[in-house]
Structures are given as C-alpha cells and as structure tokens.
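**Q** Attaching a single structure in structure tokens format; questions to follow.
Every read-out reported here was derived from the displayed coordinates using simple, explicitly stated rules and does not represent laboratory data. No experiment lies behind these values; they were computed from the predicted model shown. Glycine also receives a Cβ, built like all others from the backbone with ideal geometry; neighbour counts cover every protein chain displayed.
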Amino acid sequence: MNNSKNDDLNNSKNEENALWSIVGYLLSGLLIWGGIGWGVDQWLDTSYFLLIGLLLGAGASIYLVWLRFGRD
C-alpha cells in the first residue's frame, strides 16, 4: 500500500517537472528569438523582424516540446 503512494507521488513530481520544462521551452524560445528579431529591427530600422522572431521562436519551441515529450 505504501509503495502505491510513493509511485503516485513520483508520477506527480515527474508531471510537474515536465510541465515546467515545457513552460521553460516556450518562454525561452519567444524571448530569445523575439529578442533577436527586435535587435535586427533596431539595427535595420524596420518593424517586422520582431514578429518573424516571435513566430520562429514559438514554432521552434513547440517542435522541441514535441521532440522531447510528444513522441513515443
């Protein structure tokens, strides 16, 4: 009976860790690629590289999450 409680606790911790990893991937992709896009916009005096960077960061982050957690 006690073993079942430990297994449930371990599974809960693993799921919580996975959730934080996913959030970290998504935020870091948006911040890094959005920042690169913002820097290119400042450098070239344009206004669309920020959007491109955010979209690229979101897409790359979702792809990395799928690679790490979505495949069986």
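**Q** Taking only C-alpha pairs under 8 Å that are 6+ residues apart, what is the relative contact order of the range 12-72 in percent? Walk me through the numbers on the way to the answer.
**A** Numbers: 53 pairs, mean separation 21.7, N = 61.
Taking the mean separation of contacting Cα pairs over the length of the range 12-72, I get 36 percent.
**Q** I'd like the Karplus ³J(HN,Hα) series for the range 12-22: coefficients 6.51, -1.76, 1.60, θ = phi - 60°, whole numbers in Hz, and an x wherever there's a Gly or Pro.
**A** Result, rounded to whole Hz: 5, 5, 5, 5, 5, 5, 5, 4, 5, 5, 4.
**Q** Which FRET efficiency, nearest 0.05, do Asn14 and Arg68 yield, Cβ-Cβ r, R0 22 Å? Walk me through the numbers on the way to the answer.
**A** On the way: r = 13 Å, r/R0 = 0.60.
About 0.95, to the nearest 0.05.
**Q** How would you rank Val65, Val40, going from fewest to most other Cβ atoms within 10 Å of each one's own Cβ? List each step's numbers first, then the result.
**A** Numbers: Val65 18, Val40 15.
Least to most surrounded, the residues fall as Val40, Val65.
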